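Only one structure is covered here, and it is reproduced in the block below.
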Amino acid sequence: MAEIEFKSVAKSFGKVEVIAGLDLRVDDGEFIVFVGPSGCGKSTALRMIAGLEETTAGDIRIGGRPMAGLAPSERNVAMVFQSYALYPHMTVGGNIGFPLKMAGRPAAEIARRVKEAADILDLGPYLDRRPAQLSGGQRQRVALGRAIVRHPDVFLFDEPLSNLDADLRVSMRGEIMLLRERIQATMIYVTHDQTEAMTMGDRIAVFAPLKDGHPRNLMQVGTPEALYERPANLFVARFLGSPKMNLIEMGGGEAPAFGTFPVAGTAAGPGGLLLGVRPEDIRIADAGTPGLAGRIRLVEALGAEYYVHVETAAGELIVRVMDKRRRPVPGETVVLQPAPDAVHLFDTATGLRVEA
Ligand SMILES: Nc1ncnc2c1ncn2[C@@H]1O[C@H](COP(=O)(O)OP(=O)(O)O)[C@@H](O)[C@H]1O
Ligand SMILES: [Mg+2]
């Protein structure tokens, strides 16, 4: 069993607080993604699990075992980084087997475990090559192999695909997702890329930087669908989704021409409400029909869909149009209609979700 628990974990570097009030349980065998903007403490959280940083306060447990005071080598955790850090003078097999050699395992066992890791990663034919003779994706697979060969209870991935070009990133994303079907381990994957988070995680934990005034890092934890469909706050609403959720300021519960949303008096703070609607939840209707009138300023054609930027009295909104039979044209006057069951409301002052 290798569930991972953070209990009231905090971390400061000198006077600078980077992690505060972190409470989270990652289930045994789960694949969870930590996502958030650069500098929000994702790598620090991983390094504390691995034992490369101490916690300033609180407790981290793996499989119920407190980690305080345990050296990295006593935690049975393997970490994969953005830079592959392979030894250039060693073969692929030498690189993969290196952690076992350092641990003093017998040569026959090393050979067997290297072959097993190479088979999982389809690196069998490359074991005698050197890193310089491999492509970027193959090098990252060798780095994965060096983690797999150790049979860790926990895999920690720190932005492992950031150095790869876009195509390779997508294919490696798939490979890492397949890995977990062949390997029994708990996996934490760190990224700043919301698409990686949405596509890879059983659950996503969204982190915010304390330096922006958040009292704690963790903004919401849940399945990708739950976070996308019911973001608990503005930070999560803005972070997940591309193009981003449209946000419209409302006075006492009324959005200009978007309709009235009755909100319990106590729920709406003095700062009013923001109405959120995702670009795919707005329909473009003909001028003259009910809704929010606007003028198309810009059309981004992506092949399969259009991102349509519309100037309205409520600001510029982005609409995602998937019906290719009707190409929107800049300058055209239109009316925007949100799907009534797909709007989100947030308290402007607290940033928290308000139920309509
Ligand atoms: N060893 C360190 N000493 C001082 N500050 C650090 C150290 N490591 C990280 N930090 C600071 O902690 C914050 C979070 O860093 P990090 O965990 O690397 O964020 P992320 O991985 O989310 O980009 C940053 O402001 C960074 O400058
Ligand atoms: Mg980082």
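Details
- Using C-alpha pairs below 8 Å separated by at least 6 residues, the relative contact order for the chain is 16 percent.
- The ranking of 191, 91, 312 from fewest to most other beta carbons within 10 Å of each one's beta carbon is 91, 312, 191.
- Taking other residues whose beta carbon is less than 12 angstrom from the beta carbon of residue 134, and scoring Lys, Arg as +1 and Asp, Glu as -1, yields +3.
- By the count of neighbouring beta-carbon atoms within 10 Å, fewest first, 23, 158 end up ordered 23, 158.
- Pairwise FRET efficiency - residue 165 versus residue 122, Cβ, R0 = 25 Å, nearest 0.05: 0.80
- Near residue 186, once Lys and Arg are set to +1 and Asp and Glu to -1 for all other residues with Cβ below 10 Å from its Cβ, the sum equals -4.
- Among 30, 109, the order by Cβ neighbours within 10 angstrom, fewest to most, reads 109, 30.
- Cα long-axis angle, helix 92-102 against the chain (0 to 90 degrees, to the nearest 10): 70 degrees
- Segment residue 230-residue 304, length gained on full extension (0.36 nm per residue, minus Cα span): 24.0 nm
- The residues neighbouring residue 287, those whose beta-carbon lies less than 13 Å from its own, together hold a net charge of -1 under the Lys/Arg +1, Asp/Glu -1 convention.
- C-alpha long axis of helix 107-120 to longest principal axis of the chain, angle in °: 20 degrees
Just so you know, all these numbers are worked out from the coordinates, no wet-lab data involved. This one's a predicted model, so the numbers in the text were calculated from it and none came from an experiment. Neighbour counts are summed over all protein chains in view; Cβ atoms, including those assigned to glycine, are modelled from backbone coordinates with ideal geometry.
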